[in-house]
Amino acid sequence: MTKRKNSPQKNLQEITTANELIKKDLNNITESEFRIIVIKLIAGLENSIQDSRESLATEIKGLRNSHEELKNALNEMHNKMETTTARLEEAEERIGELEDKVMEKEEAEKKRDKKIQEYEGKIRELSDTLKRNNIRIIGIPEERIGELEEKVMEKEEAEKKRDKKIQEYEGKIRELSDTLKRNNIRIIGIAEEEERGKGAEGVLEEIIAENFPELGKEKGIEIQEAQRTPFRRNLNRSSARHIIVKLAKYKDKEKILKAARGKRALTYKGRPIRLVTDLSFETW
């Protein structure tokens, strides 16, 4: 059906016809003239209805487009919120590890403070004993004082060397740990119950199939082992433990992480996750 549009001339004709009908004395016009005027009015009314339909269709189309844009904006916002949630979970995990480390240091400091208090108590007891017995130390040679000072300095120097040695050992241990973790991938954001029945290895395979289907078709990617990180001391946090996957080849690990970096967002069964290289706590 061809759409009809009213031109300004037709609209003017319709107005003129209506005005003519109003002004004319209906008793003085013939039946044929009356019918012509009525037909013109009906035709004008049809044109107005057609124009209204076209205007309404245009508005509906615009509303549909606006609805689609709003829907896309909401989806994008939802995706951003999911990504933010995953990052918050990762931050919570890191905070938990730091809290555990702080707790360990606080315990070590408490033990050290307790030891210092014990030493101070012993010195105080010795001082009180000397005072009770009215023992006076008179005329200690300066050479003896110098020897004591030198011993104190030697102990301080030995303490500094020991601390430096400990730092060197810690650095070597960290390097060794990172070397052992060279082929590892850390998976963040997987719920605790997901690996039941298929194991943590199956989780990585499903992630590859969902996010990197082309990579999943390749043969030779061998997983040596996969497991959850140990339980933390702070049991009040509800975030899932990370999954550590050890691959047989370093190049396979790099291939997977490169594919992950090239993808805007990674998901597992629709939920946002992250794949990162596994490093020692000190390197993080």
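The values are calculated or read from the model by the stated rules, or taken from the named source; none is laboratory data. Because the structure is a prediction, the values reported are computed rather than measured. Reconstructed Cβ throughout: ideal geometry from the backbone, glycine too, with neighbour counts over all protein chains shown.
Out of all the residues in the range 163-220, which are over 29 Å from Gly262 (Cβ atoms) and hydroxyl-bearing (Ser, Thr, Tyr)?
Listed by number, the list holds a single entry, Tyr169.
Starting from the range 201-216, keep only residues that are closer than 13 Å to Thr267 by Cβ, then list their pairs with residues that are among the polar types (S, T, N, Q) whose Cβ atoms are within a distance under 9 Å, requiring at least 6 positions of separation or different chains.
Ile207/Thr267; Glu210/Thr267; Asn211/Thr267
For Leu126, are the conditions met, namely being surrounded by 10 or more Cβ atoms within 10 Å (Cβ to Cβ), hydrophobic (A, V, I, L, M, F, W, C), farther than 30 Å from Ile273 by Cβ and at pLDDT below 80?
Numbers: surrounded by 10 or more Cβ atoms within 10 Å (Cβ to Cβ): yes; hydrophobic (A, V, I, L, M, F, W, C): yes; farther than 30 Å from Ile273 by Cβ: yes; at pLDDT below 80: yes.
It is true that Leu126 is surrounded by 10 or more Cβ atoms within 10 Å (Cβ to Cβ), hydrophobic (A, V, I, L, M, F, W, C), farther than 30 Å from Ile273 by Cβ and at pLDDT below 80.
Which of the residues spanning the range 192-203 are farther than 12 Å from Gln227 by Cβ and in contact with a strand residue (DSSP E or B) (Cβ under 8 Å, 6 or more places away or on another chain)?
As a first pass, look at the range 192-203 and keep what is farther than 12 Å from Gln227 by Cβ: 192-194, 196-198, 202.
The answer is Glu192, Glu194.
From the list Lys110, Lys115, Lys101, Lys131, which residue is more than 18 Å from the chain's Cα centre (by Cα), modelled with pLDDT under 75 and surrounded by 10 or more Cβ atoms within 10 Å (Cβ to Cβ)?
Numbers: Lys110 fails: modelled with pLDDT under 75; Lys115 fails: modelled with pLDDT under 75; Lys101 fails: modelled with pLDDT under 75.
Checking each option against the conditions leaves just Lys131.
In this structure, does Lys172 turn out to be at pLDDT 85 or above and outside the structural domain of Glu225 (by TED's automatic domain parsing)? Talk me through it step by step, then tell me what you get.
Numbers: at pLDDT 85 or above: no; outside the structural domain of Glu225 (by TED's automatic domain parsing): yes.
No; evaluated as a whole, the condition is false for this residue.
Condition first: assigned to a helix (DSSP H, G or I) and surrounded by 12 or more Cβ atoms within 10 Å (Cβ to Cβ). Can you find one or more residues in the range 217-234 that meet it? Walk me through how you get there before you give the answer.
Going through the range 217-234, the residues assigned to a helix (DSSP H, G or I) turn out to be none.
So far as the range 217-234 goes, no, none of its residues is assigned to a helix (DSSP H, G or I) and surrounded by 12 or more Cβ atoms within 10 Å (Cβ to Cβ).
Report, by residue number, each residue of the range 193-216 that is hydrophobic (A, V, I, L, M, F, W, C), crowded, with 17+ Cβ neighbours inside 10 Å and assigned to a helix (DSSP H, G or I). Lay out the reasoning, then the answer.
Residues of the range 193-216 that are hydrophobic (A, V, I, L, M, F, W, C), as a first pass: 200, 203-204, 207-209, 212, 215.
Checking which are crowded, with 17+ Cβ neighbours inside 10 Å leaves us with 200, 203-204, 207-208, 212.
Matches in the range 193-216: Ala200, Val203, Leu204, Ile207, Ile208.
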